[in-house]
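Please read through the structure below; I'll follow up with questions.
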Amino acid sequence: MSMAMLAPVAAEPALIHSVATSLQQLVVGLERVLKVRKPRAGAAAELARVGSTLQQLQQWLPQGHGLQLQLVKLHKLLPALLQPQAPAATVRLLAAVYELQRSLQLVEPVDLAGYKSSAAVTALVSLTQLWHWQQSVANTKADALVQPLLSSLLQQLVAVARKSAPAATEIGKLLLQMQTLLEFGDNAEQQSAFGELAQALSLAIMQPYLFNDDERIVCWRSLWRMSQRQHEPAAEQPAPVCHDLELLQVMQLELGRYRWQWQMFLQQVDARPAAEPVFLTYPLMLLHYRLPWMLAAAQQRGFAQLCQLWYQCLMVHWQHRLPLDKDLLLLWRELMAVLDLSQWFALSPTQTSRWHLQMLLLWPSPPTQPVEQVAFHGVREGGDEDEAIPLAGIPERMSRSFGILTEQVKREWFADAGVYALHAKALTTELHLLEQGAAAIKLPVIENFCSLLLALHQKARNVMPPQQFPAELLLRGHQHLRDLLDEVSAWQQSVPDMQLMNAIKQWLLASARPLSQAATAADPTTAMLERLHDFVALLASFVEQPLHFSVELTKALPASQLSLCEAALIALLRFMVLEQINNMPLRRQALKPLAATLVLKLEAVEDGIAVEITEAGVETAPDAQTLKRLRHKLPDTVQRLYCSTQPRRGRSFRFII
Amino acid sequence: MSEPRPLAVIFEDSATLALLMTRALHELGFAVQVCDPAAVNLPLQPEPALICVELLSSNSNGFKLLRQLALHHGCPRVLVSASGRSTDQHWGRRAGATAVLMRPFTLKQLQGCVMKEQML
């Protein structure tokens, strides 16, 4: 006799015992299922059965009959039973548990917080809550409940689509909720139409450039109709057939090569320890760059769209050097299993839609950036103006820049120091911009090479006897920088030429004078500046920190004050460099380059020499105590040591000696 | 006897995408030669009337290749990209492309791009 046929008379002891035993058996059975099935794939059918059994059981349960213990056990099993891949079954199970709980009149609600282990589960849990907020499943006509929820989800999707950078997981969550609702709606046409629509919709939101306006309008209109319960006629169609045999032959050969690459990758992944992170490789990135367009040519539109989004998902990993998630790898394996023409006929829109939603839910979040805008120092023409650039706009800004670095640099520019001097300012201005941009978007190879090249420029511009002018190094350095930039722009891994870098470093070391060996310039001001340059270079090599140091001098300085001025500057420079090293983590957090940029301005004034050192990108002044200690380290004749900061410009120390 | 077709050279190491591009250029009246981007002998012989370079390939870089090609050939040079990034437009032109074509493109767009470049 079926339980559903019995009237709900709750007090009969034999029946209560029977129900309790059933529930206990159910829990034991579930425990067994979980022990046997690892991973939990395929448990969806069991879940559905459990859900309906629980629903049947709940009407027979008396109040306070000690069945709570079984329910507690069931709760403990729930996190393992929730199946993001089988949303409808999972929601049914959760709904049944709610009903059971209500029948038992438990004060404590089901603790759902513990189940929120993934976006999919969170979506399911909130959906179930929503469901129960409306009314009990048994007494509500499904479509009446589904329609308002569908409309509400559509509104949320529109709101997401309006964002400039919509989050994939957010879209995935909403679409998954829609899919779940449609599965409850008993509307077969809506269900079949949804598969393709979900794909088109997420593509339209995430990659609008792939669609023209008409296609986007059709896409949204279809969804709107669906949410208004006007049937869409698009029943599930078999994959279209491509009759272009030449194309298919060529493609099958190429896919064979890709499958081999994929196998090689998998072997490497499987051979490494489980805890070791897995990163995307260039051949596989290239494969997915091409795959959507190959599939589209073979009339596999749905699969092509899926692969297009998959490519974007992989690109987020590539760009931010993120390891591939374990679940993402599992999904990838599934996808790559159909990388064969013979498999395509079996691909249904429902299948691709399922992969599609899973992928959206596994979409990685790019690392959060601490700043929205990055202050750039000395990037405009002339090299002394500052600019704040939104972080997201830096690649675009950089791709528009560097006309000199990438197109105009010629061998003749480095023929001798005289010709070089005509172009040096423009070159270093672009190099400074590049160094800062590379630091902001985390391209350490480019940043380090720029710092090195700037150091070479600085030395070349300053105290060089003509025969030591590093023409060849400068030329090779610029050519190599251009190669690196091309590689980075094409998303390839850029590898610096270590031989060249070492040659530049050795040249810089060889051309640095030891401090004990005084500069030889006849003019005392020039000699002092040479010594300061040497000191900064030595300090930079000692602390292994790139430093850009430049001097602006308006007129000749009084010779009588020079030695005191030099002593004060050496003390101040030492302080600034050491502080710079201490602040390195903060600089990195603010996406600023490792290299410090110091600009020294010297001016002869009525009562001595006015000195100003500006430190680009540093916006915090030292506290009073630190400033006091610093004052003690300077000669007594130093008057009025001040420190001021200007947003974006940096901080400046000023004094008169 | 009909006039010989102008030569278009495609640098692409995906056989499928090269076939699709070849067909498109055939339709536009070109004779087509497909080259491996990783094994280029410059200058190209015979002199092409159009060069198409795919941005990404297994052992080469479209930007670098365009720089070399621009030194030897004054004909229209089209960079083809499927990355979806607007930065390819700017950087492609900096590298020596006379036009940048973003996938997906139609035959009409390819034709428009080629004709525009030929007229300039």
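Could you tell me how far the Cα centroid of the stretch B:1-49 sits from the Cα centroid of the stretch A:618-655, in Å?
If you average the Cα positions of each part, the centres end up 65 Å apart.
Let me ask something additional. Spelling out what I want: for every residue of the stretch A:474-479, take phi, set θ = phi - 60°, compute 6.51 cos²θ - 1.76 cosθ + 1.60 (Karplus), and round to whole Hz; glycine and proline get x.
4, 4, 4, x, 5, 5
Calculate the mean, over all residues of peptide A:293-300, of how many other protein chain Cβ atoms lie within 10 angstrom of the residue's Cβ. Could the numbers behind the result be given before it?
Details: counts 7, 6, 1, 3, 5, 1, 0, 0.
Mean partner shielding for this stretch: 3.
Going by average Cβ neighbours within 10 Å, how do the peptides B:73-79, A:175-181 rank, with the highest at the top?
Details: B:73-79: 20.1, A:175-181: 24.0.
Ranking the peptides B:73-79, A:175-181 by packing returns A:175-181, B:73-79.
Shifting gears a bit: Assuming 0.890 mPa s and 25 °C, estimate D for the stretch B:7-120 with Stokes-Einstein, Rh taken as the Kirkwood radius over Cα pairs, in µm²/s. Display every interim value, and only then the final one.
Working: Rh = 13.8 Å.
D = 178 µm²/s.
Moving on to the next point. Evaluate the distance, in nm, between pseudo-label points positioned 7 Å from the Cα of A:E407 and of B:E27 along their respective Cα→Cβ axes.
About 3.3 nm separates the two model spin labels.
Going by average Cβ neighbours within 10 Å, how do the peptides B:25-36, A:263-274 rank, with the highest at the top?
Numbers: B:25-36: 16.5, A:263-274: 10.8.
Going by the mean number of other Cβ atoms within 10 Å, highest first, we get B:25-36, A:263-274.
Kindly write out, for the stretch A:258-266 in residue order, the coupling ³J(HN,Hα) from the Karplus curve 6.51 cos²θ - 1.76 cosθ + 1.60 (θ = phi - 60°), rounded to whole Hz, with x marking Gly and Pro.
With the stated coefficients, the stretch A:258-266 comes to 5, 5, 5, 4, 5, 4, 4, 4, 4 Hz.
Per 0.36 nm of contour for each residue apart, how much would the distance between A:E387 and A:V551 grow if the chain were fully extended, relative to their Cα-Cα spacing?
Working: separation 164, 0.36 × 164 = 59.04 nm, distance 2.17 nm.
Gain on extension, A:E387 to A:V551, equals 56.9 nm.
Something else now. For peptide B:82-94, how many partner chain Cβ atoms fall within 10 Å of a residue's Cβ, on average? Don't skip to the end; give the middle numbers.
Numbers: counts 7, 7, 7, 7, 4, 7, 3, 3, 9, 11, 3, 3, 12.
Taking all residues of B:82-94 together, the mean is 6.
Using θ = phi - 60° and the Karplus form 6.51 cos²θ - 1.76 cosθ + 1.60, what ³J(HN,Hα) does each residue of the stretch A:592-598 get, whole Hz, x for Gly and Pro?
Rounded to whole hertz, the list is 9, x, 5, 6, 8, 10, 10.
Taking every residue in B:15-24, how many Cβ atoms of other protein chains lie within 10 Å of its Cβ, on average? Kindly include the intermediate steps, with their values, before the conclusion.
On the way: counts 7, 16, 7, 2, 9, 8, 0, 0, 4, 0.
Rounded to a whole number, the mean comes out at 5.
Another one. Calculate for chain B the 222 nm mean residue ellipticity that helices alone would give, adding -39,500 (n - 2.57) per DSSP H run of length 4 or more and normalising by residue count, nearest 500 deg cm²/dmol. All intermediate terms of the calculation are to be shown ahead of the outcome.
Working: 4 runs with 46 residues, N = 120.
Mean residue ellipticity at 222 nm (helix-derived): -12000 deg cm²/dmol.
If packing is taken as the average number of other Cβ atoms within 10 Å across a peptide's residues, how do A:250-260, A:551-561 rank, most packed first? Walk me through the numbers before you get to the answer.
Numbers: A:250-260: 16.2, A:551-561: 13.3.
With the highest mean Cβ count within 10 Å placed first, the list reads A:250-260, A:551-561.
Values quoted throughout were computed directly from the atomic coordinates according to the rules given, and no laboratory measurement underlies them. Here the structure is a predicted model, which means the values were calculated and not measured. Because the Cβ atoms are built from the backbone with ideal geometry, glycine has one as well, and the counts that use them run over all protein chains shown.
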